[in-house]
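Any read-out appearing in this document is the output of simple, stated calculations on the displayed coordinates, not a laboratory observation. Since the model is a prediction, treat every value here as computed from it, not as a measurement. Cβ placement follows ideal geometry from the backbone for every residue including glycine, while neighbour counts extend to all protein chains displayed.
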Amino acid sequence: MEKNLNSEKSGSFSGIGKRRSHSISESVSFQLDGPEPKECDENQNPAELSLEPDLKHDQILEEVDQFIEKLDSDGGKCKAPEIPNSIEPLLKMVETRIAGYEQREASAKFGQNQEEDPSFFEAISRVSRIVKSLDEFPFDSSATSCFNQAGSVHHRAMLLLEYEFCALLDNSKRICNINRDPKTPQTPKQSFFNSNHELDRCIRPESDSKKEDEFPSFSPESISNMNRIATAMISAGYEAECCISYSGLRLKALDVELNKQGFENINVDDVQRMHWESLEGEIANWIQIVKHCSTNFFSAERKLCNSVFSEHPLIAQRLFSDHATFVTVRLLNFANAVVLTKRYSTEKLFKFLDIYETLHDLIRDFGDDSSAPDLIFETSVTHCRVGEAAVSIFCQLENSIKSDNGRIPVASGAVHPLTRYTMNYLKYACEYKDTLEQVFQQHYKMEESTRQKFEEQESKNAIKDDGSPRASPFSVKLMMVMDLLDANIDMKSKLYRDPALRYIFLMNNGRYILQKVKGSAEIYEMMGDSWSRKRTTDLRRYHKNYQRETWSKVLQCINHEGLQVNGKVSKTILKERFKNFNTLFDEIHKTQSTWVVSDEQLQSELIVSISAVVIPAYRSFLGRFKSYVDYGRQAEKYIKYQPEDIEGLIDQLFDGNSTSMGRRRT
């Protein structure tokens, strides 16, 4: 036999009608083996209370229902109606049923008899109505005695229900122990959160598992019983006790499930002590937990609340909001701790954006829940904090470009590391384009300076339609970064003493930037066609300037003009021209074959354009004037190259040093 319910639970209920002179504890003993309940009126003759032999069960219930209706209709009168004889057998029947339920195993008191349970809950409902109605009348001795006896039975019934309610809630490890075939194979079912943790509870065979999956911790039988109990307790005026019991045990279960999922309470100090690699792992784990809560757990918990309190949707809504708040606040504490670390660097942007997206999805899932305004507000506050941190991190990119003031030029005119880093960073960042748009839109509303820059760009777009997309706060910020990078590259190009190498450097970096933009649909969409056309025009200008700086002097050497003196070709001038050509070409080949053009297409375009200018001019010059110096040993001295040789040597330009500077690829 179970422990006395009164000894454990009598302090947990306030009871109904305790203001009466005869208290519940005085009027009846709650011991399971205690005496029979007292008669309704101690002054009445017991013979008068005895029922006629032919008074049947249905007649008792009918008389009780009639009495309850009379109580309801006479409420507020000076005197309570006469207590019918049917009340005493009803109370005795209820007490007998309570005693029988008390002797059953916890969490299995109901559900064994499909006909027995409904009649018991109906009887409890009748007793509740009697107690509530009698409490409204000025009592005489008869009504007071009956009120106290009914109140005692009613209180004992509530204790039984609360005890069983708690047992069902706290016994989710055994989700189906009712009406089971002992020969049916049992399979451990995985917990709410972590599939690697198994609980010692039985489930139905696979064919029936879908129904139980709706509420992973409870069987349908358990939920049905909890629903009956909750409905009965709330109807009887024990809403507070029912909700306290439910919330206390569910919050405890939620805490256990979070821990099983691997969630730990990490504060700011813990985060400060972590290496970034460790914190990245914690962030990734946190994101998975939040997503699981958002997509699975909250849905299941809401269904559980709605099912247990199906007759009281407002209570179900409030309880779910409290439980979701409990879980979410713990999750938000971690996100806030990460934001407060203040150890921002550009590489950390993407984890912050992951957190931002996760919180955005969480707010969206809560968006339709009008019962949780505080929860949505707290989540939104953290969401904004993470967004502002992301803006601050992104702005570090601007600072890194501004502060890169190195005075040593990159060897061979190659793509500068700052260009590579910035463009690869932007390409990766723009994979979060929609998120960054939200982040900067939010920041734009809060930051006046950003607002002004945005409005200036908006004004430009309104005045001139040049194919550029309509500006957004993030696109404005992106253009600012690109302008800073252009200015920095232009400054670094001036570190080269050789103008030709300066233009190779500008071509390399300009081509790299253009290709990266074209290779990212997100960046290209924000930069627009006009930017792309301008960049292409700049590259053509650098190309022309390079050819002018490098090959104009070479072409002057093989110019047909200026070779005649007094109408005849001067061999002296001709020899000097061949000699100068050889010297200049050798120097260019020696120098520019060590230069680097990373982009194969750009290298090909340069070689083709050089060949198209130099080789035809040299072939023509050689063909016309070769005969004037093509004799003896002097021929090899002045005619060092054939056109085919020139073509082969030009092909070797921009390959870089073969031993230490292999071709750099993007």
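Step through the table entries Lys427/Lys492; Lys348/Lys534; Lys109/Lys132; Lys303/Lys427; Lys553/Lys637, compare each Cα-Cα distance with 31 Å, and write down the pairs that go over it.
Lys348/Lys534; Lys303/Lys427, as the Cα separations exceed 31 Å there.
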>> Loop only by DSSP, 14 or fewer other Cβ within 10 Å of the Cβ. Give me the GluC sites (Glu not before Pro) in the stretch 528-596 that pass, ordered by residue number.
In response: Glu561
>> Give me the three principal axis extents of the stretch 347-428 from the C-alpha atoms, as integers in angstrom, largest value leading.
In response: 65, 19, 12
>> I'd like the trypsin sites (Lys or Arg not before Pro) in the stretch 486-538 restricted to DSSP loop residues with at most 16 other Cβ atoms within 10 Å, sorted by number.
In response: Lys494, Arg497
> Cβ under 14 Å from Leu397's Cβ, Leu397 left aside: what net charge do those residues give with Lys, Arg +1 and Asp, Glu -1?
Replying inline: +1
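Holding the Cα-Cα limit at 19 Å, pick out from Lys291/Lys477; Lys291/Lys351; Lys252/Lys351; Lys402/Lys477 the pairs that are longer than that. Present the calculation step by step, with values, prior to reporting the outcome.
Numbers: Lys291/Lys477 30 Å; Lys291/Lys351 15 Å; Lys252/Lys351 31 Å; Lys402/Lys477 15 Å.
Pairs exceeding 19 Å: Lys291/Lys477; Lys252/Lys351.
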> According to the Kirkwood expression over distinct Cα-Cα pairs, how big is the hydrodynamic radius of the stretch 551-651, in Å?
Replying inline: 14.5 Å
> Which ³J(HN,Hα) values, rounded to whole Hz and listed in residue order, are derived for the stretch 221-231 from phi using the Karplus coefficients 6.51, -1.76 and 1.60 in 6.51 cos²θ - 1.76 cosθ + 1.60 with θ = phi - 60°, glycine and proline given as x?
Replying inline: 4, 5, 5, 4, 5, 5, 4, 4, 5, 4, 4
> Over the Cα atoms of the stretch 562-618, what is the Rg over Rh ratio if Rh follows Kirkwood?
Replying inline: 1.16
>> With the cut-off at 1.5 for a/c, could you classify the stretch 237-403 from its C-alpha gyration tensor as rounded, prolate or oblate?
In response: prolate
> Give or take rounding to whole Å, what are the principal axis extents of the alpha carbon atoms in the stretch 475-628, in descending order?
Replying inline: 67, 27, 26
